[in-house]
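Peer 1: What follows is a structure written as structure tokens; I'll ask about it next.
The values are calculated or read from the model by the stated rules, or taken from the named source; none is laboratory data. Nothing here was measured: the structure is a model prediction, and the numbers come from that model. Cβ placement follows ideal geometry from the backbone for every residue including glycine, while neighbour counts extend to all protein chains displayed. Side chains are part of the model used for accessible areas, which takes the heavy atoms of the whole protein and leaves out ligands, DNA and RNA. Shrake-Rupley method; radii C 1.70, N 1.55, O 1.52, S 1.80 Å.
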Amino acid sequence: MSLTVGQVARLAGVTVRTLHHYDEIGLLSPSERSQAGYRRYTDADLERLQQVLFYRELGFGLEEITAILDDPGSDEMTHLRRQHELLMARIDRLRDMAAAVEVAMEARTMNITLTPEERFEVFGGFRPERYEAEVQRRWGGTREYAESRRRVASYTRDDWVRLRDEAALITEELVAAMKAGLPAGGEAAMDLAERHREHISRWFYACTPAIHRCLGELYVGDARFTETFESVASGLAAYLGEAIEANADRQEGV
């Protein structure tokens, strides 16, 4: 059984004009003609049309598709395997694009108004928005959260660079203290924990010793936060957590 050009157009979701063009360039010529000379498409023609539409969807040009389909070394399974690989690659790209859009959306919710290039320069592979859902859940309705959002909304690239470099220096000194064997509850480590608290207060919100204590517990108790410190130095999350706890006791006169 064969179909008319109109029937094929409706079935495939293309225009009659498109099918005529495919015929004119030799991409898809109907195998049969009616007695009146009208185009008639067979099952084999429909299979070829399906391949054409697959490759078109994948971004191939008509000349490329003609060469691929007319390759004597290719059969239906070859085309299916190739299309499957291309589709999986496209899915991966779309997932990456979706992830990038999600990151941008989350960054907007945090009021981080850097360009993609500036974000990469400042944060590298770290994505602060990964933790935004957790931050909102824990502190979304607090005065500190609102203050942090208000402040970062005005930060320029240079502000973020200064913030980053200051935090990096504190982290470096914490690692050095830990590797030197200085106790987390000692004066040197507690002083570094205090600088860490002051850094948060300077750039984000007024971080009281009580709030800082909660952050220290979070750094140790939540794997999503722990991995950030552990990627710098093994044991750093626990060391900082203990130093914060000791410093909070010191600040509160415990």
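Peer 1: With θ set to phi - 60° and the Karplus curve 6.51 cos²θ - 1.76 cosθ + 1.60, what are the ³J(HN,Hα) couplings of the stretch 53-59 in order, to the nearest whole Hz, using x for Gly and Pro?
Peer 2: 5, 4, 5, 4, 4, 7, x
Peer 1: Same structure again: For the stretch 43-76 and the stretch 144-213, write down the distance between their C-alpha centroids in whole Å.
Peer 2: 59 Å
Peer 1: If you place +1 on the Cβ of every Lys and Arg, -1 on the Cβ of every Asp and Glu, and leave all else neutral, what size is the dipole of the stretch 10-96 about its Cα centre, to the nearest 20 Debye?
Peer 2: My answer is approximately 380 debye.
Peer 1: Just the number, please: carbon plus sulfur as a percent of the accessible area of the stretch 172-254, 1.4 Å probe, no ligands or DNA/RNA counted.
Peer 2: Of all accessible area on the stretch 172-254, carbon and sulfur atoms account for 58 percent.
Peer 1: How large, in percent, is the carbon and sulfur part of the accessible surface of the stretch 1-59 at a probe radius of 1.4 Å?
Peer 2: Here carbon and sulfur together make up 48 percent of the probe-accessible area.
Peer 1: Let me ask you something else. Could you order Glu32, Glu76, Glu144 so the one with the most accessible surface comes first? Probe is 1.4 Å.
Peer 2: Glu76, Glu32, Glu144
Peer 1: Lys/Arg Cβ at +1, Asp/Glu Cβ at -1, dipole of the stretch 12-102 taken about the Cα centre: which of Gln51, Thr78, Val16 is farthest positive-ward?
Peer 2: Val16
Peer 1: Less than 11 Å Cβ to Cβ from Leu182, Lys/Arg counted +1 and Asp/Glu -1: what total charge do the surrounding residues give?
Peer 2: Its environment carries a net charge of -2.
Peer 1: Moving to a separate point now. With labels modelled as points extended 7 Å from the Cα through the Cβ direction, what inter-label distance (nm, one decimal) is found for Leu169 paired with Arg143?
Peer 2: 3.0 nm
Peer 1: Just the number please: accessible area per residue for the stretch 1-68, 1.4 Å probe, all protein chains included, in Å².
Peer 2: It amounts to 61 Å² per residue over the stretch 1-68.
Peer 1: What are the ³J(HN,Hα) values, in whole Hz, obtained from phi via the Karplus relation 6.51 cos²θ - 1.76 cosθ + 1.60 with θ = phi - 60°, for each residue of the stretch 175-183 in sequence order, with x given for Gly and Pro?
Peer 2: Once θ is set to phi - 60°, the couplings for the stretch 175-183 become 4, 4, 5, 5, 5, 7, x, 5, x Hz.
Peer 1: May I pose another question? With all protein chains present and a 1.4 Å probe, how do Met190, Met1, Met178 order by accessible area, largest first?
Peer 2: Putting Met190, Met1, Met178 in descending order of accessible area: Met1, Met178, Met190.
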